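Read through the structure below, which is laid out as structure tokens, and then see the notes.
What follows draws every value from the coordinates through simple rules; no lab data is involved. A quick note: this is a predicted structure, and the numbers were derived from the prediction, not measured. Virtual Cβ from ideal backbone geometry, glycine too; neighbours counted across all protein chains shown.
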Amino acid sequence: MLQIVVFSTLNGVLYGMLLFMLASGLTLVFSMMGVLNFAHASFYMLGAYLGFEISRHLGFWSGFIIAPLCVGGIGALVERFGLRQLHRLGHVSELLFTFGLAFVIEEVVQMIWGKLPVDYNVPPSLDFVAFRLFDTTYPAYRMFMLLTAVTMFAVLLIVLTRTRIGLIIQAALTHPDMVAMLGHNVPRLFMVVFGAGSALAGLAGVIAGPALVTQPSMAALLGPILFVVIVVGGLGSLTGAFVASLIIGLVQTFAVALNISFSELFGPIAPPLFGDLWQVTIAQVAPVIPYLLLVTVLIFRPTGLIGKRET
Amino acid sequence: MNFRIVGIALGVSFFVFPAFADDTTKIGYIDPLSGGGASIGEVGLKTFQYLADELNANGGLNGKKVEIVGLDNKTNPQESLIQAQKAADQGIRIITQGNGSSVAAALSDWVTKYNDRNPGKEMIYFNYAAVDPVLTNDKCSYWHFRWDANSDIKMAALTNFMKDRPNIKKIYLINQDYSFGQAVRTQARAMLKAKRPDIEIVGDEVHPLLKITDFSPYIAKIKASGADSVITGNWGQDIALLLKAAGDAGLQTDWYTYYAGGAGGPTAIKQTALSHRVFQISEGVPNSATEAAQIWEAAFRAKEGVSLFYPRAVNEMRMLAKAASQAKSDDPKAIAPQLEGMTIEAFDGGEATMRKDDHQFFQDMYISSFGPLDPGAKFDEEGTGWGWKLVGAVKANDTILPTTCKMERP
């Protein structure tokens, strides 16, 4: 039992942190521009593919540095020449734009790298066993992923709360007009934030690519969960996104580990309705739980766990 | 979604243009070419295209060229029906599909209804890999033919093999949560109970089909259960990623699988260093195949860059050619009666028959294990230097199971 708890916690935190790397950018962009970026998970995929392509020629570590920068650059360009032009037409056009962009990116990726998963492997320098516990090994690469995610979180926190640019960003979240009056270039700020958010997603892609699977459907697999994270955490709240990422990461991993069925869970109080439904185990409904959480949160706490504004 | 509509409109306008050339027979290949099943869908498409080329080089179907039309169904039953309709609209009358019994059930049902409503335009459905037993039992159709051994046949052979392995004490079942995965786990439980009542089943898991990218939580559970062997019917990325996660966690168990040889599987096994501890049931093992099959396999690998994962596809196309030449027609209505009860020499040797009662193909089945190549063995997989080694065989006659099919013939 202890074994399952330990490894589920590790796996859950890792998955949660990965989600957070994506959700942080998404939630920041949302709070600034009021736009839910449907293409955000596509930047994650782009990161993985660029990381793969660069690692083929220059090695993993070059990919680790260059790919997120490239994705950030692409993100900035998308903001500058796409979203900014559409801004005056209102949120619906922006939303549709990002929606379309997600499809475009997926198709482009398929055109360049094909529909099959690419062979993006863990670098040899990280391909060893980090530690052994209860006779189960834990790969070093996963520890590296965890470390990267935690470092990124710390850096993000420091930048946003302790630096000048962070303060301006925070101010622009709520009072963009006032920030502009004070002489700051708000559109450029938007571009920087969008670019940085994309770069973070790209970084998540680079490190997740070898551990999960680098394939054209990876964006579509992660996208919906991402929206759950930022809604549950509260749209626009970074802390909320962090908490929600970890909750969802842990809930999903632990749900898989639980073998009890609903009838065992509720025992004799289970009404004799719905027949077989009570025999379903928690593990089987694990994939639905995040969405259940989404619906529940929207009903009972529309602002999300920590967020301030109504969704 | 507008994009998709425009796409379909464009696609349709393209197809309307070329008049249906009378000198080609088109076969609609409805399988995943994107999404989680794409890795094996793509291999299947290559295989069928290679087989079509081979057929064309030998004169085609009664002089008509065979063309494979790839139709992406994203492993989704609804999408498959749209693609089947698209195929019908293009004048395609032979369709083939393999990945996903949920898809197969939908297609079989659709084809049957379509044929009722469109006499004179009948379509025929060749199933090369969907193995849910129900397709040749309660839900059998006259227009459906299956070349793969169904799940019950495979499980019977696997459990017969496991019966004589005393080191198996605790078994974990992990399968995909849909009709086929359910069939595997029910049969595994029933057959193990009958053949090895002493074996304890320490886990019985189903997980979402082709959605999981990280199996670590499941592996942690298997590990904690203390299982020494795992039975799984997983295919596509679900088997490759499962084995990969097992390797990462250093899980040391034996694996009894249906499809460990699929794309990505061999690489993962090699990484896990589980030498000759992963078993697979299939209708052919290249390293112990007949000489003709080995020559064929070598040529196939040289041209397509993948191994022949579907020897049954070869049987399917050869029988189609034979049926068409006997019927002197490529009309499904003429082909179907020819296929019923047809006996051929299977690709991997041995006599094999398409049973008339339920359209299930019966062929020799082989169990093989994966590990470093023996001296003299020619074929490794995915460049790993490891290959499949024959460890057990079941004659076609010994695989025959009764059917509950009450075939409705037109």
If you go through the range A:90-120 one residue at a time, how many are outside any helix (DSSP H, G or I), crowded, with 16+ Cβ neighbours inside 10 Å and more than 9 Å from chain B (Cβ to nearest Cβ)? 2
For B:T353, indicate whether it is surrounded by fewer than 22 Cβ atoms within 10 Å (Cβ to Cβ), under 20 Å from the mean Cα position of the chain (by Cα) and hydroxyl-bearing (S, T, Y). yes
Can you tell me which of A:G166, A:G202 is touching a residue at least 12 places away in the same chain (Cβ under 8 Å), of a type outside the set (F, W, Y) and away from chain B (no Cβ under 14 Å)? A:G202
Using the structure shown, decide if A:F38 is part of a helix (DSSP H, G or I), farther than 18 Å from A:Y120 by Cα, touching a residue at least 24 places away in the same chain (Cβ under 8 Å) and aromatic (F, W, Y). no
What's the number of the only condition in (1) within 14 Å of chain B (Cβ to nearest Cβ); (2) assigned to a helix (DSSP H, G or I) that A:S24 fails to meet? (1)
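Name the single residue that is farthest from B:A289 (Cα to Cα) among those in the range B:359-380 being outside any strand (DSSP E or B) and under 18 Å from the mean Cα position of the chain (by Cα).
Per the criteria, the residue is B:H359.
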Quick one: which of A:S31, A:S55, A:S42 is away from chain B (no Cβ under 14 Å), touching a Pro at 6+ places or on another chain (Cβ under 8 Å) and polar (S, T, N, Q)? A:S55
So, of the residues in the range A:211-221 that are in a helix (DSSP H, G or I) and buried (at least 24 other Cβ atoms within 10 Å of the Cβ), which turns out to be nearest to the other protein chains (Cβ to nearest Cβ)? A:M218
Some residue of the range B:166-186 being without any contact (Cβ under 8 Å) to a residue 40 or more places away in the chain and not in a helix (DSSP H, G or I): yes
Could you tell me which of the residues B:D364, B:D374, B:D330, B:D358 is surrounded by fewer than 17 Cβ atoms within 10 Å (Cβ to Cβ) and farther than 20 Å from B:T47 by Cα? B:D374
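B:D198: away from chain A (no Cβ under 12 Å) and outside any helix (DSSP H, G or I), yes or no?
Working: away from chain A (no Cβ under 12 Å): yes; outside any helix (DSSP H, G or I): yes.
The answer is yes for B:D198.
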Could you look through the range B:273-287, keep only residues that are of a type in the set (A, V, I, L, M, F, W, C) and part of a strand (DSSP E or B), and pick out the one that is surrounded by the most Cβ atoms within 10 Å (Cβ to Cβ)? B:V278
Screening B:S229, B:S216 for residues that are of a type in the set (G, A, S) and touching a helix residue (DSSP H, G or I) at 6+ places or on another chain (Cβ under 6 Å) leaves only B:S216
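Does B:V103 qualify as being in a helix (DSSP H, G or I), away from chain A (no Cβ under 14 Å) and touching a helix residue (DSSP H, G or I) at 6+ places or on another chain (Cβ under 8 Å)?
yes
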What number of residues within the range B:203-248 are of a type in the set (G, A, S), within 12 Å of chain A (Cβ to nearest Cβ) and surrounded by fewer than 24 Cβ atoms within 10 Å (Cβ to Cβ)? 5
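B:A157: within 19 Å of B:A396 (Cα to Cα) and in a helix (DSSP H, G or I), yes or no? It would help to see each step written out before you state the result.
Working: within 19 Å of B:A396 (Cα to Cα): yes; in a helix (DSSP H, G or I): yes.
It is true that B:A157 is within 19 Å of B:A396 (Cα to Cα) and in a helix (DSSP H, G or I).
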Given the criteria within 13 Å of B:L173 (Cα to Cα) and either under 19 Å from the mean Cα position of the chain (by Cα) or more than 8 Å from every other protein chain (Cβ to nearest Cβ) (or both), does B:I269 qualify? no
Report, by residue number, each residue of the range A:121-137 that is closer than 30 Å to B:A38 by Cβ and part of a helix (DSSP H, G or I). A:P124, A:L126
Note on the range B:381-410: residues in a loop (DSSP other than H, G, I, E, B), among the charged types (D, E, K, R) and surrounded by 14 or more Cβ atoms within 10 Å (Cβ to Cβ) are B:E381, B:E382
